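Q: Have a look at the structure that comes next, please.
The values are calculated or read from the model by the stated rules, or taken from the named source; none is laboratory data. All of these numbers come straight from a predicted model, not from anything done at the bench. Every residue, glycine as well, gets a Cβ built from its backbone with ideal geometry; the counts of neighbours run over all protein chains shown.
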């Protein structure tokens, strides 16, 4: 199939550091190429891919200090995609909603994966207004605010099997927190769990400009002793060691998480996950891969029971459920369904009367 992948421009594909959506786009794109498809990636110019790359800005916008407003770059990218649309069987968007007004006449040949939370009041009327666009959710829970939207599938994220290796032993002896320093991610809970457990905690996290005040006022004061270590934002090269040497990943979130990529990254290393059952978490973590807890005391008890879980079994569950190969095949099935029911590229759609 001839497939266009359209990525956000905030980060490179794959990201050099933090960036969940762009990372998933990379894994999907590379696996589609491996499976023999003709793939074109619309992304930032510093992206790395075995597909054909169409650079839509010089570098990832988050890392370009000269960029004050990303919207013009996104609109220029969408204009480029539109000009080349007839070259593809399917256009796969990961850009949330900016592309909808531009592609209404060929909506049936598009699919949009929604990577974020959907409970904002403005979103339901928007997606109802553009109901002709096929949508993919990344978990079943993500759909709850918009159950009647034009969903054509749920596709869980996946990782290349060779990306992260099983660590048979948690040699570091610490608990890990990996993600963003944000109120909904609850790093404060992670610190409390670690301190009550008497186990060291290492925090590897991005601190965005909008979250700097939260970090300084609410998190830094909790990190006054050597038990809690902040190691800043980490990249792909060090993530495997960071997660693999941890006794467990703490995922004590307080929001409707659409998926939670870090959970399957931990599973790929054989590392158990201790998580609060918000959003998609119960769809990802089961009794073989971690513990679902509802408060700090349950989390502390889970830390004590980590020896009940087998790290090789956790890795096996990851391979069974969350490989990039499975993710790509799920998407290809959706692509083929769209192609079978939509006009061929270059075919003019039937005109509808305006009433």
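Q: Among the residues that make up region 81-99, is at least one of them out of contact with any strand residue (DSSP E or B) (no Cβ under 7 Å at 6 or more places or on another chain), in a helix (DSSP H, G or I) and over 24 Å from residue 332 (Cα atoms)?
A: We begin by selecting, within region 81-99, every residue out of contact with any strand residue (DSSP E or B) (no Cβ under 7 Å at 6 or more places or on another chain); these are 82-84, 86, 96-98.
Remaining after also requiring in a helix (DSSP H, G or I): 82-83, 86.
Checking which are over 24 Å from residue 332 (Cα atoms) leaves us with none.
The answer is no; no qualifying residue exists.
Q: Quickly run through region 290-336 and pick out the residues that are farther than 27 Å from residue 163 by Cα, within 25 Å of the chain's Cα centre (by Cα) and in the same structural domain as residue 269 (by TED's automatic domain parsing). First the steps, then the outcome.
A: Going through region 290-336, the residues farther than 27 Å from residue 163 by Cα turn out to be 293-302, 304-305, 336.
Next, only the ones that are within 25 Å of the chain's Cα centre (by Cα) stay: 293-294, 299, 336.
Of everything in region 290-336, those that are farther than 27 Å from residue 163 by Cα, within 25 Å of the chain's Cα centre (by Cα) and in the same structural domain as residue 269 (by TED's automatic domain parsing) turn out to be 293, 294, 299.
Q: Filter region 35-74 down to the residues that are in contact with a helix residue (DSSP H, G or I) (Cβ under 9 Å, 6 or more places away or on another chain), part of a loop (DSSP other than H, G, I, E, B) and either in contact (Cβ under 8 Å) with a residue 24 or more places away in the chain or buried (at least 19 other Cβ atoms within 10 Å of the Cβ) (or both) and list them by number.
A: 35, 37, 44, 46, 47, 48, 49, 51, 56, 57, 60, 70
Q: Can you tell me which residues in region 115-135 are surrounded by fewer than 21 Cβ atoms within 10 Å (Cβ to Cβ) and closer than 13 Å to residue 259 by Cα?
A: Within region 115-135, 116, 117, 118 meet the criteria.
Q: Among the residues that make up region 308-315, is at least one of them on the phi < 0 side of the Ramachandran plot, outside any helix (DSSP H, G or I) and in contact with a strand residue (DSSP E or B) (Cβ under 8 Å, 6 or more places away or on another chain)? I'd like the intermediate steps shown before the answer.
A: Initial filter on region 308-315 (on the phi < 0 side of the Ramachandran plot): 308-315.
The next check asks that each one be outside any helix (DSSP H, G or I); those that pass are 309-310.
Filter once more, so that each one left must be in contact with a strand residue (DSSP E or B) (Cβ under 8 Å, 6 or more places away or on another chain): 309.
Yes, region 308-315 contains at least one residue that is on the phi < 0 side of the Ramachandran plot, outside any helix (DSSP H, G or I) and in contact with a strand residue (DSSP E or B) (Cβ under 8 Å, 6 or more places away or on another chain).
Q: Quick check, is residue 32 in contact with a strand residue (DSSP E or B) (Cβ under 7 Å, 6 or more places away or on another chain), in contact (Cβ under 8 Å) with a residue 60 or more places away in the chain and not in a helix (DSSP H, G or I)?
A: Details: in contact with a strand residue (DSSP E or B) (Cβ under 7 Å, 6 or more places away or on another chain): yes; in contact (Cβ under 8 Å) with a residue 60 or more places away in the chain: yes; not in a helix (DSSP H, G or I): no.
Judged against the criteria, residue 32 is not a match.
Q: Given the criteria at pLDDT 95 or above, closer than 17 Å to residue 191 by Cβ and crowded, with 23+ Cβ neighbours inside 10 Å, does residue 243 qualify? It would help to see each step written out before you state the result.
A: Details: at pLDDT 95 or above: yes; closer than 17 Å to residue 191 by Cβ: no; crowded, with 23+ Cβ neighbours inside 10 Å: yes.
It is false that residue 243 is at pLDDT 95 or above, closer than 17 Å to residue 191 by Cβ and crowded, with 23+ Cβ neighbours inside 10 Å.
Q: Could you tell me whether residue 220 is farther than 22 Å from residue 290 by Cα and surrounded by fewer than 20 Cβ atoms within 10 Å (Cβ to Cβ)?
A: On the way: farther than 22 Å from residue 290 by Cα: yes; surrounded by fewer than 20 Cβ atoms within 10 Å (Cβ to Cβ): yes.
Here the answer is yes, as residue 220 does meet what is asked.
Q: Name the single residue that is surrounded by the most Cβ atoms within 10 Å (Cβ to Cβ) among those in region 194-204 being farther than 15 Å from residue 224 by Cβ and out of contact with any strand residue (DSSP E or B) (no Cβ under 6 Å at 6 or more places or on another chain).
A: Filtering region 194-204 down to residues farther than 15 Å from residue 224 by Cβ leaves 196-199, 202, 204.
Among the residues that remain, those that are also out of contact with any strand residue (DSSP E or B) (no Cβ under 6 Å at 6 or more places or on another chain) are: 196-198.
Numbers: 196: 13, 197: 23, 198: 9.
The residue in question is 197.
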